[in-house]
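Have a look at the structure below before the remarks.
The values are calculated or read from the model by the stated rules, or taken from the named source; none is laboratory data. Everything numeric here is computed off the predicted structure, so don't read it as measured data. So basically every Cβ, Gly included, is an ideal-geometry build from the backbone, and we count neighbours across all protein chains shown. Ligands, DNA and RNA are excluded from the accessible area calculation, which covers all protein heavy atoms including side chains. Shrake-Rupley method; radii C 1.70, N 1.55, O 1.52, S 1.80 Å.
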Amino acid sequence: MKTKILTINSNNFEPSDLNGAAEILRKGGLVAFPTETVYGLGADGLNPDASRKIYAAKGRPSDNPLIIHIADYKALEELTADCPENGRKLAEAFWPGPLTLIFNKSSKVPYSTTGGLDTVAIRMPAHPVAYELIRISGIYIAAPSANISGRPSPTKAEHVIEDLSGIIDMIVDGGKADIGLESTIVDVTAEMPVILRPGYITDEMIRRIIGQVEYDKAVLTRIQDSGIRPKAPGMKYKHYAPRGALTIYEGNREAVVSEINKIAEEKLQAGYKVGIIATDETLSCYHRGIIKTVGTRKDVNTIARGLFEILRDFDSEGADYIYTESFENKQLGQAVMNRLLKAAGYHIEKV
Ligand code: TXA
Ligand code: MG
């Protein structure tokens, strides 16, 4: 199939520019579109045939449920069996925005969208293109990240083209995703709300609204070893992985730089291609290999925004080994480290 590319200026467009994309979605087709977190691969969330196409295109296991994207609160009523107080407060505080909430589903939501679960994941995105596309299509858009399963999530249309060109009907190119990591997921079905995936909306921000929140054990532990089953089915799969072997170095800055320089030299001598993930602060401290900065430590937002792109860039360069510094495990840094650890298969060297 030939994939249409529609280029939109996200800051200056008419809703009618999205008519073609909306029409494809209404007819049960697949359209990738920008959101403020990462690009999503959209289909009609209430049409089982349409959501089955998402699984086929991504090569995604069918037990891994999809997030339904909405543009108004009436949709929330329609798609959920009940809306607990905590869910309502969080939605009011952070929607539209990078927060996904898990509710008990209504009978309208097909099991093909929820991977057989009785709960449903819902998000109201803030990106103007995503928001308008939901609104003018008049449907609820089921959308996982628009990557082939297991690859880093796409933060630019080019990444979607790399993975899904020829497989889906249309890609809406609205420029670079601002946040660069997927939404925070919070399960509000139980008395105690639980964070299933860390993201831009931090535990601190959540506590400010509802007082308390816990983490799913699988977020904090190396799940392969522990036998813990994550509550978000998608978190159990190998994820975000570049093709090269990624290792994280943790410790004081000079020691980390010196260890990475040493191991990079060894691998280069042995004939391998080596990539190094540096920061603006350390870029000039590395000597050999393909050296790229992911962002500045002065602003963790830049690191979140650059992470998936840099992993993909090292794939394009054919790196066999990739070495990265680690980041402070707090606030948005927690989401950065969560994705980095999964990408590295939890391979971390303390120096
Ligand atoms: O930022 C985002 O959330 C992006 C954009 C496109 O909105 N979407 C995204 O979707 O990251 P995806 O499919 O790549 O990740 C959704 C995660 C998966 O880990 C899935 O298992 C979990 O959400 N999930 C979905 N429905 C769930 C449910 N009912 N209960 C528990 N986890 C659920
Ligand atoms: Mg994903």
Checklist outcome for this item: By residue number, the members of region 47-63 that are at pLDDT 95 or above and open to solvent by 60 Å² or more (accessible area, probe 1.4 Å) are Asp49, Arg52, Lys53, Ala56
Next on the checklist: Among the listed residues Val186, Val160, identify the single one that is β-branched (Val, Ile, Thr), more than 12 Å from the chain's Cα centre (by Cα) and within 13 Å of ligand 2 (Cβ to nearest atom).
Outcome noted: Val160
Checklist entry - Among (1) of a type in the set (Phe, Trp, Tyr); (2) touching a residue at least 40 places away in the same chain (Cβ under 8 Å); (3) farther than 24 Å from Ser316 by Cβ, which single condition is Tyr215 missing? => result (2)
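So that you can scan it fast, the table gives a plain yes or no per residue for (1) surrounded by 24 or more Cβ atoms within 10 Å (Cβ to Cβ); (2) within 16 Å of ligand 2 (Cβ to nearest atom); (3) of a type outside the set (Gly, Ala, Ser):
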| position | (1), (2), (3) |
| --- | --- |
| Gly97 | no, no, no |
| Val109 | yes, no, yes |
| Ala130 | yes, yes, no |
| Gly138 | no, no, no |
| Lys156 | no, yes, yes |
| Ala177 | yes, yes, no |
Item to check | Number of the condition not met by Val186 [criteria: (1) modelled with pLDDT of 95 or more; (2) more than 13 Å from ligand 1 (Cβ to nearest atom)] | outcome: (2)
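Given the structure, is Ile303 aliphatic (A, V, I, L, M) and open to solvent by 20 Å² or more (accessible area, probe 1.4 Å)?
Numbers: aliphatic (A, V, I, L, M): yes; open to solvent by 20 Å² or more (accessible area, probe 1.4 Å): no.
Against the criterion (aliphatic (A, V, I, L, M) and open to solvent by 20 Å² or more (accessible area, probe 1.4 Å)), Ile303 does not qualify.
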Checklist outcome for this item: How many residues of region 134-179 are within 13 Å of ligand 1 (Cβ to nearest atom), β-branched (Val, Ile, Thr) and over 25 Å from Lys236 (Cα atoms)? The answer is 2
Checklist entry - Based on what the data block shows, is Val129 within 19 Å of Asp49 (Cα to Cα) and at pLDDT 95 or above? => result no
Checklist entry - If you take the residues in region 246-277 that are closer than 20 Å to Lys350 by Cβ and of a type in the set (S, T, N, Q), which one is most open to solvent (accessible area, probe 1.4 Å)? => result Asn252
Checklist entry - Quick one: Leu220 ticks every box in (1) away from ligand 2 (no atom under 16 Å from the Cβ); (2) modelled with pLDDT of 95 or more bar one, so which box is it? => result (2)
Next on the checklist: Lys236 - would you say it is free of Cβ contacts under 8 Å to residues at least 60 places away in the same chain and of a type in the set (Lys, Arg)?
Outcome noted: yes
Item to check | Members of region 141-150 found to be part of a loop (DSSP other than H, G, I, E, B) and touching a helix residue (DSSP H, G or I) at 6+ places or on another chain (Cβ under 6 Å), listed by number | outcome: Ala146, Asn147, Ile148, Ser149
Next on the checklist: Taking the conditions exactly as written (touching a helix residue (DSSP H, G or I) at 6+ places or on another chain (Cβ under 7 Å) and open to solvent by less than 60 Å² (accessible area, probe 1.4 Å)), does Leu79 satisfy them or not?
Outcome noted: no
Checklist entry - Failed condition for Asp187, given (1) crowded, with 21+ Cβ neighbours inside 10 Å; (2) without any contact (Cβ under 8 Å) to a residue 60 or more places away in the chain; (3) among the charged types (D, E, K, R), with all others met? => result (2)
Next on the checklist: What's the number of the only condition in (1) open to solvent by 50 Å² or more (accessible area, probe 1.4 Å); (2) modelled with pLDDT of 95 or more; (3) out of contact with any Phe, Trp or Tyr (no Cβ under 9 Å at 6 or more places or on another chain) that Tyr215 fails to meet?
Outcome noted: (1)
